[in-house]
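Remarks on the structure that follows.
Please treat every number below as a calculation from the coordinates, not as lab data. Values in this document were obtained by computation on a predicted structure and should not be read as measured data. No Cβ is skipped: glycine too gets one built from the backbone with ideal geometry, and neighbour counts run over all protein chains shown.
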Amino acid sequence: MYLRSLVDLSASHQTCSSEQLAAIAGVNSAQVRKDLSHFGSLGTRGVGYNVAELRSLLREALGLTRDYPVALIGAGNLGSALANYEGFETWGFEIVAVFDTEAEKVGQTVGELTIQHLNDLEKVVADREVTIAIIATPASAAQEVADRITQSGIRSILNFAPSVLHIPSNVSVRRVDLSTELQILTYHLSSRTDEAVSS
């Protein structure tokens, strides 16, 4: 969050105070100082943080000093949108292959990539040194796909399928469930409506 905030600053900002960074990141300045203190004494009192140095330090801490080849499994609407999203490369993530199992999709193109059959996953992972996989399949296929991913040697998965994956303990999974996020929003909407009615 802090790195994205620093990247969003205009090039004219050579320094940034904890108050400025807090306002951009949506937290309070005490939290910024506490979080960044884990990296040692970075800021200068009355001046703030050197933006370029802080960006570099955060990139290094997040492992963003190199590029990461990514495999995307699922070439439906969501998968195609993710494959066409150019924002990943800004952060060093390059989708190098897209996979599906449906015969009518295999061989088609999405963005600049040709959709390959899932059976080619292991070979592509080895050839392209893929380190991260994105699952954008229906829930019914997600576990089988996750099994194939872990068997191929990939140890990091971003899961967009609305299902909980059962994976080995040495594999990291982040789940992005859009419907759950929308339900959280409707909960807050309902709460506000109930408060308005009661008052």
Length gained when the stretch ASP147-GLN183 is fully extended (0.36 nm per residue, less Cα-Cα span): 10.1 nm
Cα gyration tensor shape of region 1-102, rounded if a/c is under 1.5, else prolate or oblate by comparing a/b with b/c: prolate
Linear extension gain, SER56 paired with GLU129, 0.36 nm per residue minus alpha-carbon span: 23.8 nm
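Would you mind counting up the charge near ARG59? Only other residues with Cβ under 15 Å from its Cβ, with Lys and Arg at +1 and Asp and Glu at -1.
Around ARG59, the surrounding residues sum to -2.
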Within region 57-93, backbone nitrogen closer than 18 Å to the virtual label 7 Å beyond the Cα of LEU9 toward Cβ: 57-62
Cut-off under 5 Å, modelled amide H: who pairs with SER156 long-range: ALA133, SER172
Viscosity 0.890 mPa s, 25 °C: Kirkwood-radius Stokes-Einstein D of region 2-61 over Cα pairs, µm²/s: 216 µm²/s
Environment charge of ALA133, counting only residues whose C-beta is closer than 10 Å and scoring Lys/Arg +1, Asp/Glu -1: +2
3J(HN,Hα) from dihedral phi, region 10-18, Karplus parametrisation 6.51/-1.76/1.60, rounded to Hz, x for glycine, proline: 5, 4, 6, 7, 8, 10, 8, 7, 5
Cubic angstrom per residue, convex hull over Cα atoms of the chain: 183 Å³
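Between ALA30 and ARG174, what length in nm is gained on full extension when 0.36 nm per residue of separation is reduced by their alpha carbon distance?
My answer for the length gained is 49.0 nm.
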Inter-site label distance for HIS38 and GLU19 at 7 Å from Cα along Cβ, in nm: 2.6 nm
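Below 12 angstrom from the Cβ of ILE149, what's the summed charge of the other residues (Lys, Arg +1; Asp, Glu -1)?
So the surrounding residues net to -1.
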Span from the region 71-144 Cα centroid across to the region 21-53 one, whole angstrom: 37 Å
Where the Cα pairs of region 68-179 fall when distances are cut into 5 Å bins, in %: 2, 13, 25, 27, 22, 9, 1, 0
